[in-house]
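Participant: Before I ask anything, here is the structure I am working with.
The values are calculated or read from the model by the stated rules, or taken from the named source; none is laboratory data. Note that this is a predicted model, so its numbers are computed, not measured. Please note: Cβ atoms are built from the backbone with ideal geometry, for glycine as well, and neighbour counts cover all protein chains shown.
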Amino acid sequence: MRYISLILLTCLLSLGAYAFDTDSLHRDTSVKSAPVVFNKDTIFKIYTAPERISLQERAQLISSRLSAVAGLASFDVKRLVVLQDSGYYRIVYGDTIIIFLDEKDALANGKQLAELATGYHQLIKDKVLAYRAFETPTSIMVSVAEALGVVLMLVLLIVVMHRLYRWVLQKYIRRRQFRPLVINKYELIGSRQYRAFLIRLISFARWVCIALIVYLSLPLVFSLFPWTHGVATKLIGFVVRPFVSIVRGIINYFPNLITILVIYLVTRYFVKLVKYFATEISKGRLNVPGFYADWALPTFKIVKSLLYIFMFIVIFPYMPGSDSKVFQGVSVFLGILFSIGSSSAVSNIVAGVVITYMRPFKVGDRVKIGDVMGDVLEKNLLVTRIRTIKNEEITIPNANILNGGTINYSSLAKSNGLILHTTATIGYDTPWKQVHALLIKAAQLTEGLLQEPAPFVLQTSLDDYYVSYQLNAYTELPHQMVSLYSALHQNIQDVFNEAGVEIMSPAYHSLRDGNTVTIPPDKRPEGYEPGSFRMKEG
């Protein structure tokens, strides 16, 4: 009962499609024509008509005459003949003229006039004889028996499909252990989900095959009866026409496909050539005057993007549907959306390109950008990532870098050395030569600071109560700036304490009583006692 219901449902859908589009097989959008229909079946098409009537009117007139002749009780096929007159042919039955054919008809069909008339005569005769042969009770019974045989065969095929489905499930699906689908150690589909998916897939394939078998059986059944022969033709056309259109579209698109393939291959191999030279330059095996090695890979990425963009622009007209208004509208909409939503991204990309060729820093350099100081972890077309001395990762947009100032501590450290400098304020009572010697000694005791070039001291200012001494020392270790400064300050304290020289500010000096020195106790002389105030009478 379930199989019969499926067959009836498919029949109703097919008849509905036929009723909805009764003339779909006869339409020809490229050539103006009209079909000659007999017994709901198109025999041939006409492309010309006299000036006084239209193509449709001429086709209907021929169809009505043919139906009238075929319905005669005393029809005799010998009376259906072709007659030739001067300049035209006639297909007649007795005194009834079915169709006139002249040179215009022959030219429209691309045939000789005699050949066209003979062909039309044979078509008309075959259709009428097939129609009248079905009028006998014996022929009707034979057709009904054949139709029942087709239906029984259809039911048998459906039963076989269901049993084959159960056999496949029982032998290959339910008893088998499926491995889960794992991608990069992630279980995308478990074994149970995998089995359920295969069961649904096989079930779907079963119903598709059954529907296809039923649909293809219907034209065979309908073709057994003359009054449903047109339905059979249309059902076949519903399947054949889309397939033919697809095949014809693929064949017609093949030259464009070859063009696209050639453009893609040329672009791809040119990109590989550019990549080869970029790699050689970046590794130092190929030297180009004025072109730095760290420019090679960024330049390759830019050239690669430009080449593929140019390739897309070139192949765009060859793409299917590129001339469609919908396709063009979507392209324009996406372009506007990208332009509006990516203004900041574009500015960062442009800044990234400019920064690449300005070479203010490279990955691994110790830099200071604005208030951020640290080591460069990554730089790309959009942002630059920096790890600070506190092990914080900060992302800075390239546009901000281009608009601000950048200090690079590493660029000249290896060649000229980075100068670390610190300032100490010492009172006027200490000789400046002694202060210079003590500061230089502290620099020489600090590991990581270079002895050559030698450290030096600058007196930057003579203030009201003290002199500002600036110690300058060279280093090749910019990434250890913080620890070097800390060690240098420690050595300065030790050296000054050992020499008995106080490091103090004038504010502190003006407020103390001066009895006790500010040297640490372990550095003071043995038996040290603070002095006392001495007052004299005026």
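Participant: Name the one entry in 443, 413, 437 that is touching a Pro at 6+ places or on another chain (Cβ under 7 Å), over 27 Å from residue 360 (Cα atoms) and not basic (Lys, Arg).
Facilitator: Unique residue meeting the criteria: 443.
Participant: Is it the case that residue 194 is aromatic (Phe, Trp, Tyr), under 24 Å from residue 47 (Cβ atoms) and in a helix (DSSP H, G or I)?
Facilitator: When the stated conditions are applied, residue 194 does not pass them.
Participant: Give me the pairs: first residue in segment 307-318 and in contact (Cβ under 8 Å) with a residue 60 or more places away in the chain, second residue surrounded by 15 or more Cβ atoms within 10 Å (Cβ to Cβ), beta-carbon distance under 8 Å, and six or more apart or on different chains, which are they?
Facilitator: That search, which allows pairs on different chains as well, returns 318/256; 318/260.
Participant: Another question, then. All but one of (1) within 25 Å of residue 51 (Cα to Cα); (2) among the charged types (D, E, K, R); (3) at pLDDT 85 or above hold for residue 79; which doesn't?
Facilitator: The failed condition is (1).
Participant: Scan segment 181-196 residue by residue and report those that are surrounded by 10 or more Cβ atoms within 10 Å (Cβ to Cβ) and not basic (Lys, Arg).
Facilitator: 181, 182, 187, 188, 189, 190, 191, 193, 194, 196
Participant: Go through segment 58-101 and report how many residues are of a type outside the set (A, V, I, L, M, F, W, C), outside any strand (DSSP E or B) and more than 17 Å from residue 38 (Cβ to Cβ).
Facilitator: 8
Participant: Considering only segment 399-453, how many residues are under 15 Å from residue 488 (Cα atoms) and surrounded by fewer than 19 Cβ atoms within 10 Å (Cβ to Cβ)?
Facilitator: So the answer is 14.
Participant: Report, by residue number, each residue of segment 35-83 that is farther than 18 Å from residue 126 by Cα and among the basic types (Lys, Arg).
Facilitator: 52, 58
Participant: Quick one: would you say residue 59 is touching a residue at least 60 places away in the same chain (Cβ under 8 Å), out of contact with any Ser or Thr (no Cβ under 7 Å at 6 or more places or on another chain), among the aliphatic types (A, V, I, L, M) and under 26 Å from residue 236 (Cβ atoms)?
Facilitator: No, not satisfied.
Participant: Quick test of your reading of the structure: residue 349 fulfils all but one of (1) surrounded by 14 or more Cβ atoms within 10 Å (Cβ to Cβ); (2) farther than 21 Å from residue 400 by Cα. Name the failing condition by number.
Facilitator: (2)
Participant: Quick one: which residue in 200, 206, 132 is surrounded by 14 or more Cβ atoms within 10 Å (Cβ to Cβ), modelled with pLDDT of 85 or more and either out of contact with any Leu (no Cβ under 6 Å at 6 or more places or on another chain) or of a type in the set (Phe, Trp, Tyr) (or both)?
Facilitator: 206
Participant: Give all pairs with beta carbons closer than 6 Å in which a residue from segment 148-164 that is in a helix (DSSP H, G or I) meets a residue that is of a type in the set (Phe, Trp, Tyr); count only pairs at least 6 apart in sequence or on separate chains.
Facilitator: 155/3; 158/3
Participant: List the number of the failed condition for residue 273; all other conditions in (1) over 30 Å from residue 222 (Cα atoms); (2) surrounded by 13 or more Cβ atoms within 10 Å (Cβ to Cβ) hold.
Facilitator: (2)
Participant: Taking segment 457-509 as the region of interest, how many residues are in a loop (DSSP other than H, G, I, E, B) and either modelled with pLDDT of 90 or more or of a type in the set (Val, Ile, Thr) (or both)?
Facilitator: Qualifying residue count, segment 457-509: 4.
Participant: Out of (1) closer than 30 Å to residue 275 by Cα; (2) among the hydrophobic types (A, V, I, L, M, F, W, C); (3) in contact with a Gly (Cβ under 7 Å, 6 or more places away or on another chain), what's the single condition that is false for residue 351?
Facilitator: Just one mismatch for residue 351, condition (3).
Participant: Residue by residue through segment 454-476, note down the ones that are in contact (Cβ under 8 Å) with a residue 24 or more places away in the chain, surrounded by fewer than 17 Cβ atoms within 10 Å (Cβ to Cβ) and farther than 19 Å from residue 490 by Cβ.
Facilitator: 459, 460, 463, 464, 465, 468, 476
Participant: Please go through segment 163-180 and pick out each residue that is modelled with pLDDT of 85 or more and exposed (fewer than 14 other Cβ atoms within 10 Å of the Cβ).
Facilitator: Scanning segment 163-180 gives 163, 164, 166, 167.
Participant: Then there's this: Give me the strands (runs of 3 or more DSSP E) completely within segment 326-436, filtered to those with at least 3 residues that are under 35 Å from the mean Cα position of the chain (by Cα) and not basic (Lys, Arg), ordered by residue number.
Facilitator: Fully inside segment 326-436 and qualifying: 372-379, 383-388, 393-397.
Participant: Next up: Please find, among 325, 275, 283, 301, the residue that is charged (D, E, K, R) and more than 30 Å from residue 359 (Cα to Cα).
Facilitator: 325
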